[in-house]
1. How far is the Cα center of the stretch 36-114 from the Cα center of the stretch 1-35, in Å?
2. Counting each DSSP H run of 4 or more residues in the chain as -39500 (n - 2.57), what helix-only mean residue ellipticity at 222 nm follows after dividing by all residues, to the nearest 500 deg cm²/dmol?
3. Which of the trypsin sites (Lys or Arg not before Pro) found in the stretch 1-43 are loop residues per DSSP with 16 or fewer other Cβ atoms within 10 Å of their Cβ?
4. Can you list the DSSP H helices in the chain whose Cα atoms extend at least 18 Å along the helix axis and whose mean Kyte-Doolittle hydropathy is -1.0 or higher?
5. Classify the stretch 1-94 as rounded, prolate or oblate, taking a ≥ b ≥ c as the square roots of the eigenvalues of its Cα gyration tensor: rounded when a/c is under 1.5, otherwise prolate if a/b is larger than b/c and oblate if not.
6. How big is the dipole moment of the stretch 1-88 about its Cα centre under a simple scheme where the beta carbon of each Lys and Arg is +1, that of each Asp and Glu is -1, and everything else is neutral? Debye, nearest 20, please.
7. Remind me, relative contact order of the chain in percent, using alpha carbon pairs under 8 angstrom and six or more residues apart?
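What follows draws every value from the coordinates through simple rules; no lab data is involved. Note that the structure is a prediction, hence the values are computed from the model and not measured. Note that we place each Cβ from the backbone using ideal geometry, even for glycine, and neighbour counts take in every protein chain shown.
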Amino acid sequence: MTPAEKVIFIRQKAKEHVPYNNEKILWSLHAVKKLRNESLRKKEVENALKSCEIIEDYQGEGRPLPDCLVLGFIGVVPLHIVTAVDMDTDRIIVVTVYKPHDARWKDGWRKRKN
């Protein structure tokens, strides 16, 4: 799956997602814990996924599902969301989510600093 196909799939599943009715986004336990630590709400992250962009693609790195790091926003607040694509079940999985820090990221939170 190409990065372009992944981002289309992620955005589409985020748009189709209806909690308790049409579940297209699953949350890892780690991601739920990070929500609390970062003072975020699921709905905010789910909305950010609707217009996210891939900033790192994790092709062939021994992961069980194709995944990537995406950049999304809650208003002007940037979010990094590691998202796995599960084509077989027609959904995405939020692996982790966090607010990136300027000390570690550059180019609008799109590239890691060395």
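1. If you average the Cα positions of each part, the centres end up 10 Å apart.
2. -8500 deg cm²/dmol
3. Those satisfying the criteria are Arg41.
4. Numbers: long enough: 3-16 (20 Å, -0.62).
Those that clear 18 Å and a mean of -1.0 are 3-16.
5. It is rounded, given that a/c, with a ≥ b ≥ c, falls under 1.5.
6. Dipole about the Cα centre, nearest 20: 440 debye.
7. 25
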